[in-house]
Amino acid sequence: MSAHIIDGKAAAARVLQQIRHDVENLKAEGIEPALAVILVGNDAASEVYVRNKILRAEEAGIRSLEHRLPADSSQARLLALIAELNADNTVNGILLQLPLPAHLEENRVLQAIDPGKDVDGFHSENVGGLSQGRNVLTPCTPSGCLHLLEETCGDLSGKHAVVIGRSNIVGKPMAALLLQAHCSVTVVHSRSTDARALCQLADIVVAAVGRPRLIDASWLKRGAVVIDVGINRIEDHGRSRLVGDVDFDSASEVAAAITPVPGGVGPMTIAFLMKNTVTAARQQAHAQRSQSEAVCLSTC
Ligand code: GUN
């Protein structure tokens, strides 16, 4: 069997097309969505991610503001910038590019972002809201994976999904989103006693472990749908190239559908960042409107 290749680039383009349309409608109501991106230091991969996020925002009609701080910036300096952006009513979304330099406390700084502007969905208010099934901003990569799965499989109810990896950015929120979509969910990780055997039971596999080509055909049930979140740079015959956590050629022989790397999940992450920014802008505008109506009712 040769698997259907899930085209993340095309799916992201469709999502972005809808976002452009939503942004135009918001602008007609006098709302201009804006995203602030903070980069501390000059990690090469982060530079590329931030550049792509800003480019996609501009293409979608979203105003973007780039804030660059030197690698040796103090935590107080970073917290002051976040406080400034939280208070700025013209900024709807705040994205702090990770990883941060080692001297900064990632969790402490992420908690300082206003949950309503937390377009990464990393604030504990949003993490808790997701696990309770509340309507909150959810992490972009897992949201993009869920979109690809729903486009590929339709209704996910009752399917057995195995998530490989338990990171806060992908594995845990992915499991919560799949549960919300009525899947039976298993999370396997480095301490699982037989990750491969558990994975062999899955209708859906989401691989997010950061181990190049770990998952091959022997991990998969025939007909499984495979989403590969991994982006690993390897040396191959003296050349550097990107591969996923899944051995694409081997897995394609047994999977029904599979995402490639690159061109699978990657473009969806940015598309869902834009979607979260538009959602945040809409929610903030509604909240401001209700607040002014309440003030008017109490004073008029
Ligand atoms: N670094 C790698 N992935 C991400 C992400 O999804 N969000 C942020 N803020 N930083 C990242």
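Rule-based calculations on the coordinates, nothing more; no lab input. Source: prediction; values computed, not measured. Please note: Cβ atoms are built from the backbone with ideal geometry, for glycine as well, and neighbour counts cover all protein chains shown.
The peptide list 282-292, 171-181, put in order of mean Cβ contacts within 10 Å with the highest first, becomes 171-181, 282-292. Charge tally for A271 (other residues, Cβ to Cβ under 9 Å; Lys, Arg +1; Asp, Glu -1): +3. Note: the chain, Cα convex hull, 149 Å³ per residue.
For the chain, the 222 nm mean residue ellipticity estimated from helices alone, with every DSSP H stretch of n ≥ 4 adding -39500 (n - 2.57) and the total spread over all residues, rounds to -14500 deg cm²/dmol. Taking the chain as a Gaussian network of alpha-carbon nodes connected by springs under 10 Å, the highest mean-square fluctuation of the residues A83, A34, A224 belongs to A83. For each pair in K53/K159; K9/K275; K27/K117; K53/K117; K9/K159; K27/K53, compute the distance between the two Cα atoms and list the pairs where it is over 22 Å. Violating the 22 Å Cα-Cα cut-off are K53/K159; K9/K159. The stretch 258-300 and the stretch 137-181 have Cα centres spaced 20 Å apart. Across G116, G154, G210, mean-square fluctuation computed from a Gaussian network of the chain (C-alpha pairs under 10 Å connected) peaks at G154.
Over the chain, Cα pairs under 8 Å with separation of 6+ residues give a relative contact order of 22 percent. For the stretch 112-242, the Kirkwood hydrodynamic radius from C-alpha pairs, put into Stokes-Einstein at 37 °C and a viscosity of 0.692 mPa s, yields a diffusion coefficient of 211 µm² per second. Once label points are set 7 Å from the Cα along Cα→Cβ at both D155 and I54, what is their separation, rounded to one decimal in nm? Here the answer is 4.6 nm between the modelled labels. Can you give me the Cα centroid spacing of the stretch 211-228 and the stretch 53-112 in angstrom? Here the answer is 36 Å between Cα centres. Over the C-alpha atoms of the stretch 230-300, the Rg to Rh ratio, Rh being the Kirkwood estimate, stands at 1.42.
Across the options I215, A175, I258, the greatest Cα extent toward the positive end of the charge dipole of the chain (unit charges at beta carbon of Lys, Arg, Asp, Glu) belongs to I215. Going by neighbour counts of Cβ atoms within 10 Å, the residues V37, V170 line up, fewest first, as V37, V170.
For the stretch 83-146, the alpha-carbon radius of gyration amounts to 1.14 times the rule-of-thumb value 2.2 N^0.38 Å expected for a compact globular protein. Please build a GNM for the chain, connecting alpha carbons under 10 Å apart, and tell me which residue among I234, I204, I215 fluctuates the most. Maximum among the listed residues: I234. The alpha-carbon positions of the stretch 161-200 define a convex hull whose volume is 52 Å³ per residue. Working from Cα positions, state the angle (0 to 90°, nearest 10) between the long axis of helix 140-153 and the longest principal axis of the chain. The angle comes out at about 50 degrees. Here the chain carries DSSP beta bridges of which approximately 15% are antiparallel, counting only pairs with both residues inside. For the stretch 1-65, rounded, prolate or oblate, judged on the Cα gyration tensor with a ≥ b ≥ c (square roots of eigenvalues), a/c < 1.5 rounded, else prolate if a/b > b/c? It is oblate, given that a/c is not under 1.5 and a/b is not larger than b/c.
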